[in-house]
Amino acid sequence: MAQAIDVKGKLQVGPSPHVRSKRTAAWVMDQVLIALIPPTIAATFFFGWWVLGMVAIGIGTAVASEYIYQKLTYKPIKIHDHSAAVTGMLVALSLPVTAPIWMIMFGSIFAIVIVKQLNGGIGRNYFNPAVAARVTIKALFTPWLANWVLPGGLLGSGFRGVDAIGSATPLEFIGNGAQVVPEQVPELFDLFMGFNLGGNVGETSKFAILIGMLYLIFRKVINPKVPILYILTTFVVMALWSSFNWNFEMTHILTGTLFFGATYMATDYSSGSLTPEGKTVFAIGCGLLTAIFRITLDHPGGVGYSILIMNALAPFIDSKLMPRIYGHKRRPQTKFDRQSNNA
C-alpha cells in the first residue's frame, strides 16, 4: 500500500514497506552483550578478576580475526555489527578459568574464521560459531579441560584468584546410565546460584543466566519457546528415565551447559530454525539429544553436540515446515527443496 510522505512541505507517494525500526544487527548483538553481563559478573565473583581478562582476550581476538580476514579478502569490514564481540565473549565464558590464553585465542579464531567467515559471514553460517569452537576445543584439548577448579572468589588464593583444587563435574556423577544423585553432587540451591561449583565460568550461576534470558525475552530478541522447550524437554526425558525422581531431573537441569546453551546459543538467528513450527522442532530436538547423550555417554554433557546436530538439520526442518502463503495450495519452495529436486 502506498503512503503519503511529507518531504519539505510536499506530499509524495512512496511504496511500502514503511516500517522504521531500530532492530539492526548491531542493536540485536548489543542486547546479547548486555544479557551476558549477569553471568559475567557472577563468574567474576566466583572465580576472580581473571574472568574479565578472559572475556577481553576472547572479544579482542574475535574482533581482530574478523577485521584481518575481511581486510585480506577485500570484503566489507563488518566488525561494527558487534557479532564478533558476542562470539568472542561466548567462547571465553564457555571455558574454565584455568584455560590458557592460547586456548581462548584459538577458540575465537576458529569460531570467526573457520565457522563464520569461510561460510560467508554473519547470517550465512550453518553452525553456531561459539558452540563449534567449544566442541572443537573439547575434542582436541581435553587434557586441559579434564578437571575443574573449585571457585575461590575475588579474594580466593591460588591460580588466578581461585583455589587450585581439581574437581569432577556434577554431570560425571549423574550421567552414563545413572538414575540417582550421589552425595558428591551439590544441593539444588547451590547448583542454581553457583555456590561451590566448578565448571565453565559462564555457566556456573543459573540464576545469573536466567536474568539474561528474561532480559532477551523482554527485549524480544529471542523467542521464549526455544530455551523453554529445550530445557523442558530435557527435564521430561530425565523424569521418565529416573521414574520421576525430582532431585535427579532438577540436578540435570541445573548442571552443565544446558541453561547457558539454551539461552545464548540455541537461540542464534543464523544457525537455528527460522519458521515458527521449525523453532519448536529445533528446541525439542536439542532437548532430546542432550538427554540421550547424558544418559548414554561416559563423559556426559552433550549440549554442544546437540545444538550442532540440530544446526545441521535446521534447513531441512524449515523446508518441511515452511508456512503456506494464504491463497496458495502449496507452501513456497526453499533453496533446500530446489537442491533436493535437482539431485
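Every number in this text was worked out from the coordinates using simple rules, so none of it is lab data. Owing to the predicted nature of the structure, the values given are computational and were not obtained by experimental measurement. Neighbour counts run over all protein chains shown; Cβ positions are idealised from the backbone, glycine included.
Between amide H atoms placed 1.01 Å from N, distances below 5 Å from Gly301 occur with Arg294, all of them 5 or more places distant or on a separate chain. Kirkwood radius for the range 25-321, taken over all pairs of different Cα atoms as the inverse mean of 1/r, rounds to 19.0 Å.
Packing around the peptides 48-60, 242-254, taken as the average count of other Cβ atoms within 10 Å per residue, puts them in this order, highest first: 48-60, 242-254. Working note: Karplus 6.51/-1.76/1.60 with θ = phi - 60° gives the range 203-215 the couplings 9, 5, 9, 5, 4, 5, 5, 4, 4, x, 4, 5, 5 Hz, where Gly and Pro are set to x. Near Phe259: Cβ cut-off under 13 Å, other residues only, Lys/Arg at +1 and Asp/Glu at -1. The net charge is 0.
Close amide H partners of Ser271, meaning residues 5 or more places away or on another chain with modelled amide H under 5 Å apart, do not exist here. Annotation: extensible slack from Leu274 through Trp27 equals 87.0 nm (criterion: 0.36 nm per residue apart, minus Cα-Cα distance). Couplings 3J(HN,Hα) for the range 135-140, derived from phi with the Karplus relation 6.51 cos²θ - 1.76 cosθ + 1.60 (θ = phi - 60°), are 5, 5, 4, 5, 6, 8 Hz, where x marks Gly and Pro.
The simple Förster model, with R0 at 22 Å and r as the Cβ-Cβ distance, assigns Ser243 and Gln184 a FRET efficiency of 0.55. Electrostatic bookkeeping for Val91 treats Lys and Arg as +1 and Asp and Glu as -1; over the other residues with beta carbon under 15 Å from its beta carbon, the sum is 0. Note that the range 273-279 has calculated 3J(HN,Hα) couplings of 6, 9, 7, x, 5, x, 4 Hz, one per residue in order, obtained from phi through the Karplus relation 6.51 cos²θ - 1.76 cosθ + 1.60 (θ = phi - 60°); glycine and proline are x. Spin-label model, Ile79 to Phe316: label points 7 Å out along the Cα-to-beta-carbon direction sit 3.9 nm apart.
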